[in-house]
């Protein structure tokens with residue numbers, strides 16, 4: 001028979017990458033995502049005995065991760081410590097300065113495009129953003145997303161459609177602005 005420590009280790013081993021990836025999609029910062037991952041598993045450890053199994057373990061852990069990520073964003077925004085979303089990973093920007101000039105410029109341009117995309121994703125309303133991230137970046141089915149978000153499948157489909165439409169419009173504007181200024 002497995003004790004609580006063994007059960008927790010199995011849960012951690014199975015879901016750690018999923019939680020880290022999901023937190024990163026929200027926070028766009030590796031250190032913050034690692035901190036949220038730690039917080040998620042602390043909560044899982046302390047709450048596992050209360051887990052009623054009304055949803056799958058994966059769904060329950062996703063909900064904890066999303067809620068912790070959103071709470072962290074609210075906390076960061078309330079502290080006005082700076083712009084969280086769209087920040088460039090430090091390693092990539094630091095390494096770009098040591099590359100050949102053409103390669104460094106290409107890497108920096110790619111990072112700029114990525115920052116623009118993530119800024120637009122992060123500007124979406126919370127439900128659209130969550131549905132979009134879980135669908136397009138985590139590759140979950142609409143049914144799985146509906147369980148995580150506790151919404152109907154048709155609501156999830158609508159949220160994803162609206163998110164894609166909003167991104168399409170806003171990215172087209174950014175594209176036009178970029179080409180007008182360059």
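Of all residues in region 127-156, those being surrounded by 16 or more Cβ atoms within 10 Å (Cβ to Cβ) and assigned to a helix (DSSP H, G or I) number 18.
Only one residue in 166, 130 is under 17 Å from residue 63 (Cβ atoms) and touching a residue at least 24 places away in the same chain (Cβ under 8 Å), so which one is that?
Working: 166 fails: under 17 Å from residue 63 (Cβ atoms).
Going through 166, 130 in turn, the sole match is 130.
Within the set 26, 15, the sole residue that is modelled with pLDDT of 95 or more and either in contact with a helix residue (DSSP H, G or I) (Cβ under 8 Å, 6 or more places away or on another chain) or closer than 24 Å to residue 124 by Cα (or both) turns out to be 15.
Could you check, for region 105-128, whether at least one of its residues is at positive phi and modelled with pLDDT of 90 or more? There is no residue in region 105-128 that is at positive phi and modelled with pLDDT of 90 or more.
I'd like to know if region 51-58 contains one or more residues that are assigned to a helix (DSSP H, G or I), within 27 Å of residue 131 (Cβ to Cβ) and either modelled with pLDDT of 50 or more or under 14 Å from the mean Cα position of the chain (by Cα) (or both). Steps first, please.
Of the residues in region 51-58, the ones assigned to a helix (DSSP H, G or I) are 57-58.
Going one step further and asking which of them are within 27 Å of residue 131 (Cβ to Cβ), we end up with 57-58.
Those left that are additionally either modelled with pLDDT of 50 or more or under 14 Å from the mean Cα position of the chain (by Cα) (or both): 57-58.
Within region 51-58, one or more residues are assigned to a helix (DSSP H, G or I), within 27 Å of residue 131 (Cβ to Cβ) and either modelled with pLDDT of 50 or more or under 14 Å from the mean Cα position of the chain (by Cα) (or both).
Taken residue by residue, region 32-48 has at least one member that is exposed (fewer than 12 other Cβ atoms within 10 Å of the Cβ), modelled with pLDDT of 85 or more, over 26 Å from residue 172 (Cα atoms) and in contact with a helix residue (DSSP H, G or I) (Cβ under 9 Å, 6 or more places away or on another chain). Under 8 Å between Cβ atoms, at least 6 apart or on separate chains: pull out the pairs that start in region 141-159 with a residue that is farther than 15 Å from residue 55 by Cβ and end on any residue that is part of a loop (DSSP other than H, G, I, E, B). Close Cβ pairs (under 8 Å, with a partner that is part of a loop (DSSP other than H, G, I, E, B)) amount to 159/151.
The values are calculated or read from the model by the stated rules, or taken from the named source; none is laboratory data. Note that the structure is a prediction, hence the values are computed from the model and not measured. When we count neighbours, we look across all protein chains shown, and the Cβ atoms used for this are built from the backbone with ideal geometry, even at glycine.
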